[in-house]
C-alpha cells in the first residue's frame, strides 16, 4: 500500500532552522526600508512653506442662518426674539433638500442646544445644519 501523504523533505535541517531561513529575506527587506527612510527623511535647514490659513481665505459674507441662538438661550429669527410657542411658526417650512441652518454662540450649553433640537424635531425638522466659526 502506498502512502497518501508524501514524507517530509529531509534536508538535514530542523523545523526551526527552516523557519529562520525563510525569515532572513524579510528581515533584510525591513532593514533596507529602514535605511531608506532614514536617508530620505533627513532634516533640512530650509523651513517648510507656509500653508494658506483660514484667516486669509475668509469669506466676505458669513453664511446666513435661519435661526440664531444666543449664549443665554434666546432664539432669534430675522432679528426678532422668539419664545418656544412662536418659534416654529416663524421658521421656514421643513424641507429635506434645504436643511434648517442654526448659528449658536460658542458658550451655549449642550442642555440648551438639546432642548432646541428636541423642539425642532417635534416640529418636523429632520435635517439641521449647525453653523460654526473656524478656530483661530
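Tabulated results
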quantity	calculated
Tally, over the range 75-90, of residues that are surrounded by 12 or more Cβ atoms within 10 Å (Cβ to Cβ) and either out of contact with any helix residue (DSSP H, G or I) (no Cβ under 8 Å at 6 or more places or on another chain) or in contact (Cβ under 8 Å) with a residue 60 or more places away in the chain (or both)	3
Residues that are more than 12 Å from residue 69 (Cα to Cα), within 25 Å of the chain's Cα centre (by Cα) and exposed (fewer than 13 other Cβ atoms within 10 Å of the Cβ), drawn from the range 91-109	96, 97, 98
Qualifying residue in the range 12-23 (condition: more than 30 Å from residue 128 (Cβ to Cβ) and at pLDDT 85 or above)	yes
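The values are calculated or read from the model by the stated rules, or taken from the named source; none is laboratory data. Just so it is clear, the structure is predicted and the values come from calculations on it, not from any experiment. Note: ideal-geometry Cβ built from the backbone for every residue, glycine included; neighbour counts use all protein chains shown.
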